[in-house]
1. Using a 10 Å cut-off on Cβ atoms, rank the peptides 102-115, 185-198 from the highest mean neighbour count down.
2. Is region 42-307 best put as rounded, prolate or oblate by its Cα gyration tensor, with a ≥ b ≥ c the root eigenvalues, rounded for a/c under 1.5, and otherwise prolate when a/b is larger than b/c, oblate when not?
3. So how far, in whole Å, is the C-alpha centre of region 36-71 from the one of region 111-185?
4. Can you tell me the order of 307-316, 202-211 when each peptide is scored by its average per-residue count of other Cβ atoms within 10 angstrom, highest first?
5. Run down the lysines and flag those whose C-alpha is under 20 Å from the C-alpha of Lys216, throwing out any fewer than 8 positions away in its chain.
6. Let's test the formula: R0 of 41 Å, r as the Cβ-Cβ distance of Ser93 and Glu283. What FRET efficiency results, to the nearest 0.05?
7. What is region 183-238 by shape, rounded, prolate or oblate, if you read a ≥ b ≥ c off the alpha carbon gyration tensor as root eigenvalues and call it rounded for a/c under 1.5, prolate for a/b larger than b/c, and oblate otherwise?
8. Compute the distance in nm between two label points, each set 7 Å from the Cα along the Cα-to-Cβ direction, one at His198 and one at Thr55.
Amino acid sequence: MCLNHNDIPQNPSHFEDSDESRNQPAHRDMAWSEYSELIKGMRFFDPHIHMVSRTTDDYQAMYKAGIVALIEPAFWLGQPRTGLSSFKDYYSSLVGWERFRSSQFGIKHYCTMGLNSREANNERLAEQVMEILPLYIYKEGVVGVGEIGFDDQTPAEEKYYRLQLELAKEAKLPVQIHTPHRDKKRGTERSMAIALEHGLDPSWVIVDHNNEETVKGVLDKGFWAAFTIYPFTKMGNERMVKVVEKYGPGQIMINSAADWGISDPLAIPKTAALMKMRGIPDETIRLVTYQNAINAFGKSGQIDVTDFASDSEVDQTAKFHGNSILRGGQQPDPSTNSLLIQ
């Protein structure tokens, strides 16, 4: 949720470059357009992306790159919210306008609902948020409780993390855990231990923002290990390729977590293209970029793959509460390749 270079492990010994990997060609200077054909026809599911922070151009680029569905977790917006009404409006937008806006670009939108760890430290407001959460977690399209967990690993964060684990159990929803930026390994282990203490089945829990330091412990305990491909701060996609090569696709999924920071909504298709170039089998790529997310969050009963299994016509003149994505006399699907904006 915030940028911090502590997420990057310093030269993890078990991921040192081999002679073979050092001899592989570098692709840093190549344009994405030169690689996009490698993944043509592949479909992707981004299980963690904050579209409220993205533009319609991002939606168009994502659809063109093969992203057919996504999950938008409730999260921190960059500055503290000052009242309950702002939480209500935000939660409503995730099951309302943003879901509609996504559909207008051919992408199926789901979300997870929760009180994020950072704002759990405002206990007066957190208590009020906990009272309204049950009004939202049963809404159509809500596939889990998240993203919840630890930030600074305070007593308040633990209190509301535990309360939301119980809420997820009651609602029979998967849990999406945000692991902390600082002291990540300890925070990850603590998050899993508390989930087990509350009697959650690890296969119902997605532990997010993993790195090379945490992945083995997460997989060994039977949790889903999600990796965020986020420039400079979490995981680069070259490192992600090595993780998949080492551990296989079993309980692993990748996401972009693209938000208001410097991030990339095409992180999944770009990583898929890099995997393809590095010789990773198509089925492995399909699992970590599409199917595993469906298997994990599908336990909610809210995901029907027929909703995005094939291309369908989109009516961009449709309206949500009287509003459409078109303005004035604007026509659907305007060209963005022309110098002229008409």
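All of the numbers you see were taken from the coordinates with simple rules; none came from a lab. It should be emphasised that the depicted structure is a prediction, and the values quoted were computed from it without experimental measurement. For neighbour counting, all protein chains shown are included, and Cβ atoms are generated from backbone atoms with ideal geometry for every residue, glycine included.
1. 102-115, 185-198
2. It is oblate, given that a/c is not under 1.5 and a/b is not larger than b/c.
3. Cα centroid of region 36-71 versus Cα centroid of region 111-185: 26 Å apart.
4. On the way: 307-316: 11.8, 202-211: 23.5.
Highest to lowest by the protection proxy: 202-211, 307-316.
5. Within reach: Lys184, Lys185, Lys234, Lys242, Lys246.
6. 0.65
7. Prolate, since a/c reaches 1.5 and a/b exceeds b/c.
8. For His198 paired with Thr55, the spin-label model returns 3.9 nm.
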